[in-house]
Amino acid sequence: MREAPEPVERRRNGALQVWLKPIAGRDYVVAVDSAGGGNDGDFAAVQIVEVATGLQCAELRERLRPEDLARVSVELAKEYSGALVAVERNNHGAAVLAYIETRESYRRVYKQYGEPGWLTSAASKPEIIARMGVLLSETPGRFMSKRLLAECRTFVADERGRAAAAAGSHDDLVMAMAIAQAVRAETIAWSGRASGARTIRGTDARA
């Protein structure tokens, strides 16, 4: 927490914090954890990470309606070199995805098994949270946000072993970052397989 750097830029009355601005030619993931947007409800959260390094570049934490969250997420994705947008499709996420597709007409959307969005399930949540734990332990320097790190401190396991925010706390930033890092890992793995396939085809063609 003491070593976490201050943002180089704050926007939206401090809701949006930027540490690393986009660099031409780099790939990014914009991960979105949606919320209903009420005054007393959960926050919507957006995490932007660079694919090559996994570094946290920017973070949004704000109570936004699905249509507003869709608009802001697409604006950030366009700013970050046409980034891949990964929306958690649970609950209000389905509405965010619908707005991104119809109103914003943004096509670079992450899909799972052909369906737009990331599904957080009883099977996938422990896996992405475990990955976050490893990254926090082994490469803490990739995480810039003190808000995120504060949420990590109150992210606990209940009596059944299920991970979630402690009573009175939030986990929106944690979940958005966990999704961002999971999608980043998938993107790298897919790129590696695609590169290998091209190499194999090239070898076969020469043979």
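The values are calculated or read from the model by the stated rules, or taken from the named source; none is laboratory data. In this text the structure is predicted, and so the values were computed from the model without any measurement. Neighbour counts are summed over all protein chains in view; Cβ atoms, including those assigned to glycine, are modelled from backbone coordinates with ideal geometry.
Data table
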read-out	value
Among (1) crowded, with 18+ Cβ neighbours inside 10 Å; (2) more than 13 Å from the chain's Cα centre (by Cα); (3) not hydroxyl-bearing (Ser, Thr, Tyr), the one test that ALA98 misses	(1)
Enumeration of residues in segment 62-88 that are within 17 Å of ASP27 (Cβ to Cβ) and either of a type outside the set (Val, Ile, Thr) or surrounded by fewer than 19 Cβ atoms within 10 Å (Cβ to Cβ) (or both)	SER73, LEU76, ALA77, LYS78, GLU79, TYR80, SER81, GLY82, ALA83, LEU84, ALA86
Selection within segment 116-156 - more than 17 Å from ASP33 (Cα to Cα) and either in contact with a Pro (Cβ under 7 Å, 6 or more places away or on another chain) or not in a helix (DSSP H, G or I) (or both)	ALA123, THR139, PHE143, MET144, THR154, VAL156
Sole residue being farther than 17 Å from ALA182 by Cβ, small (Gly, Ala, Ser) and under 13 Å from the mean Cα position of the chain (by Cα), chosen from SER145, SER73	SER73
Scope segment 109-126; condition at pLDDT 95 or above and of a type outside the set (Val, Ile, Thr); matching residues	TYR110, LYS111, GLU115, PRO116, GLY117, TRP118, LEU119
Residues being surrounded by fewer than 21 Cβ atoms within 10 Å (Cβ to Cβ) and on the phi < 0 side of the Ramachandran plot - total across segment 111-122	8
Odd one out for ALA178, checked against (1) part of a helix (DSSP H, G or I); (2) free of Cβ contacts under 8 Å to residues at least 60 places away in the same chain; (3) hydrophobic (A, V, I, L, M, F, W, C); (4) closer than 20 Å to VAL18 by Cβ	(4)
Filter result for GLU104 (surrounded by 13 or more Cβ atoms within 10 Å (Cβ to Cβ), in a loop (DSSP other than H, G, I, E, B) and at negative phi)	yes
